[in-house]
């Protein structure tokens, strides 16, 4: 990874990434090529922290933010407080753990008070923006003497609008210190019906169509000349393979129930309604469904390859998240899948970075 071209802004614009994960948002700011330079990260998951340090080469506090890391000065703070407490997928958490997760954004604001950056960005699931916690955050931005200097703008962005070959809705808040007047929102879309020229969305085929039809065994540290080898997949049982074969392009578990009731799991056979993504097959000519942490399990969502009778590989999932092949992930295959699924798509990060730069630094 090369240092961003600081000459475009006179000097580097330094960033700190809190709840950094694998660094998807920091990578987006880097790829924006307007001078953003990561200087510090905080991430409690050891494998994700190692990934961040491996790719950015800056100091990473590999622990819980509650432990009070010593922050360097920086121009921008970015990050995504854990979303499990707000996400519908976390509805089964107990009240105590949900409350602990829901309160971590307050540590983000503590860092803002300490560092007083020119701007900050908070990323989360879209449900966060409908929560009482978000209402409290907005109240603090008005009432807190240190935070009231920031002008916020917020809303839900679809990653597909910004060149990511995936439909992924995220709640984003951008706040800029000393901004005069209302902060424009949203960042201008680059793709889709609202974009200039109505440019089409990037498709699954554009993202992964050049990869080999067959996957190989797990060897994340083998470099075949094109980057870290992540084009590996599961070894399905014979019954699982038969189930995959029963799913047509764009199909799902309902096609399995209709075509092969003899191998349909009983839990699906007795549930004629529900999600249409389970055991779903992707389309070549559309963006993918949202990539989550267990994309390697077709029973969890629409993760079957468009034409091959297999689940998408880790490399394919990383590309659908818009990670370049040269980005290296640390950890086991489960660790890497979690990092890929939890990440902010870097190309969405690029759009956010440009928006921050234009309104906070391009003067």
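Ranked for footprinting exposure by Cβ neighbours inside 10 Å, fewest first, 76, 278, 125 give 278, 125, 76. As a rough guide to protection, the peptides 130-140, 317-327 ranked by mean Cβ packing within 10 Å, highest first, stand as 317-327, 130-140.
Using equal-weight Cα scatterers in the Debye expression, the normalised intensity of region 124-217 in log10 at q = 0.15, 0.21, 0.25 Å⁻¹ is -0.74, -1.05, -1.22. Entry note, the chain: relative contact order of 18 percent, from Cα contacts under 8 Å with a spacing of 6+ residues.
Once you reduce region 229-248 and region 327-361 to the center of their Cα atoms, the two points are 28 Å from each other.
Helix 105-115 and the longest principal axis of the Cα set of the chain meet at an angle near 30°. Across region 158-210, the relative contact order, built from alpha-carbon pairs under 8 Å that are at least six residues apart, equals 40 percent.
Relative contact order for region 217-363: what percent, with Cα pairs under 8 Å and sequence separation of 6 or more?
23
With the helix formula -39500 (n - 2.57) applied to DSSP H stretches of n ≥ 4, the chain reaches a computed 222 nm mean residue ellipticity of -8000 deg cm²/dmol.
Packing here is the average count of other Cβ atoms within 10 Å per residue, and on that basis the peptides 284-292, 179-187, highest first, run 284-292, 179-187. Taking the number of Cβ atoms within 10 Å of each Cβ as an exposure proxy, the fewest-first ranking of 279, 257 is 257, 279.
Placing R0 at 22 angstrom, the Cβ-Cβ distance between residue 146 and residue 70 gives a FRET efficiency of 0.70 after rounding to 0.05.
Read-outs throughout are calculated quantities, based only on the coordinates presented, and are distinct from any laboratory measurement. Owing to the predicted nature of the structure, the values given are computational and were not obtained by experimental measurement. Don't worry about glycine lacking a Cβ; one is built from the backbone with ideal geometry, like all the others, and counts go over all protein chains shown.
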